[in-house]
Amino acid sequence: MWKVKRMNTARIVVLTIAVGAGGIAAYLASGSDNKPLPAEPVVQLQTVDVLIAKSDIGLGQTVNADDMQWQTWPASTASSTFIRRSDRPDATAQIAGSIARAPFIAGEPIREAKLVKANGSGFMAAILPTGMRAISTEISPETGAGGFILPNDRVDVILSRREKNQDRPNAPDVVISEIILSNVRVLAIDQAPKEKDGQNTVVGKTVTLELKPEQAETLARARQGGTLALALRSIADLNAPDTKTDDRAAKRGDSINVVRFGVSSATTTQK
């Protein structure tokens, strides 16, 4: 009887020790590496309100207040040329009434370099850069790249003329073609500053070009000397250097010998 009581007591002691050890282990585990790390402070992104085009704005379009809106931009990506609300809170009212010298697409930041105040002048006078001239000349679909030339495109102006063969009076006339103006901007087709009825092509009879004063004189003389044609240039040629008219003029007197049916004749040509 005494042995049974002694055995029960031992079991109770061992069980108590085991429970106590388990509780201590659980306490130590809960207070070790499972504690949540303190949250890192959130870095606030600096932003600014930038004036943008609410919808597409075409070349020559008068910009109204409804065409613009403020939009939040990251300050690090906002160019110094953008209009910021913090600097000009009344910019919408100040810009309203300006004319777009170049198109804007929806969401594009408004830049004053692409706008001009008409101040009572007509559209053409407003969009012309200082020192440039607007000159119009007649064209046809056959001489205007099939009607695919639109305002703001870049073109070369080609003059074609017929000349008599001095060495063979009875021979057919010689047709000479040369580029008289290179990489000039088209301002309008038939005095239309933008596309008509959403069409992508305008087959016009009159083209207005943006020229320097000396180029305007060259075009005026060329109209009396032959037929003019326009060659549409790639949009990648926007900043291509212009070939000087004087350089081309110096080459017009060069000649080559053309042999037809065994007879040699001198013909003026363009290099």
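What follows is calculated from the coordinates using simple rules that are stated; it is not laboratory data. Computed from a predicted structure; not experimentally measured. Because the Cβ atoms are built from the backbone with ideal geometry, glycine has one as well, and the counts that use them run over all protein chains shown.
Some values worked out for this structure:
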item	result
Fully extended contour minus Cα-Cα distance, from GLU112 to THR72, at 0.36 nm per residue	12.5 nm
Under-5 Å amide H pairs with MET68, H placed in peptide plane, nonlocal only	LYS54
³J(HN,Hα) computed for each position of segment 93-110 - Karplus, 6.51 cos²θ - 1.76 cosθ + 1.60, integer Hz, glycine/proline x	6, 6, 7, 3, x, 6, 10, 6, 7, 8, x, 10, 9, 4, x, 7, x, 6
Among 176-189, 51-64, 78-91, 225-238, the order from most to least packed when residues are scored by Cβ within 10 Å on average	176-189, 51-64, 225-238, 78-91
Given charges at beta-carbon only (K, R positive; D, E negative), |dipole| of segment 47-121 in Debye	180
Segment ILE235-ALA134, extension gain: residue separation times 0.36 nm, minus the distance between their alpha carbons	34.3 nm
Estimated inter-spin distance, ARG101 and ASP190, nm [label 7 Å along Cα→Cβ]	2.8
